[in-house]
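FYI, it's all coordinate maths here, none of it is from the lab. In this text, all values refer to a predicted model and were calculated from it rather than measured experimentally. Cβ coordinates were reconstructed from backbone atoms using ideal geometry, including for glycine residues, and neighbour counts include every protein chain displayed.
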Amino acid sequence: MANKTKGSGTRSKRERADDRRRKAKRKSLLIRIGFGVVGLLVAVVAVQAFSSGDAATGSTETEAWDLPALEGDGRILLADFKGKPTVAAFFASWCTVCRRELPGFGQLSLALDDQVNFVGINTMNSGSGLSFAHDFGIGHWPLARDIGQHDGRQLATNFGARGSPTTVIYDGEGKVVDVTLGGMTAATLAEKLESFFGVTA
């Protein structure tokens, strides 16, 4: 009887020791999982910030913008286009009106040759703006990416845009001459450029 009690007490100590070991393992596992989840959340936030433009720096002043290039690590500045009229076309890959508008704009830019600068600005975009620009005929333009406001749209918003497309015409000094919110045909754009600057294709 005494031996049985002693054996029972020994098993109880072992069980308590096993319980302590299991609890320590669970605690260690939970800590590792917690660090993993935190790391994953940080990575997701960083990727979202980068893709939306929050990680990008620059200026979104309407007559002095400085934006990251849509491809690579270059910069696209309004100041670089001074000396000629400039058309800034805001677009997004989800924009159905842009799909109708941009091919005509691309053809007009080629027809006007070097009389007018054209630049595309990808705004409020979560898809591939670069492939979209190439698919719809403006891949030969300088292409920039809008920044700010968590979804990359601060410059467009500064012009009053709530979506795409938006087209801004500048004179040779970089001053805003005309802002069109919404779609516009290439023919209308050509008429505006002729009226403002006397340029024709």
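Here are the numbers for the structure shown:
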item: Cβ-based net charge around residue 123, under 10 Å, with every Lys or Arg adding one and every Asp or Glu removing one; result: 0
item: Spatial separation of Cα centroids for the stretch 151-201 and the stretch 54-107, in angstrom; result: 11
item: For the stretch 66-197: relative contact order, % (alpha-carbon pairs under 8 angstrom, 6 or more apart); result: 32
item: Relative contact order (%) - the stretch 158-197, alpha-carbon pairs under 8 angstrom, separation at least six; result: 33
item: Cut-off 12 Å between beta-carbons: net charge of the residues surrounding residue 85, Lys and Arg +1, Asp and Glu -1; result: -1
item: In Hz, Karplus ³J(HN,Hα) per residue of the stretch 180-189 (6.51, -1.76, 1.60; θ = phi - 60°; x = Gly, Pro); result: 10, 8, x, x, 8, 7, 4, 5, 5, 4
item: The stretch 66-197: radius of gyration and largest Cα-Cα distance (Dmax), Å; result: 13.3, 37
item: Cβ-based net charge around residue 195, under 14 Å, with every Lys or Arg adding one and every Asp or Glu removing one; result: -3
item: Order of 80, 151, 114 - criterion: other Cβ atoms within 10 Å of each residue's Cβ, fewest first; result: 114, 80, 151
item: The stretch 153-195: trypsin sites (Lys or Arg not before Pro) in DSSP loop, at most 12 other beta carbons within 10 Å; result: 162, 175
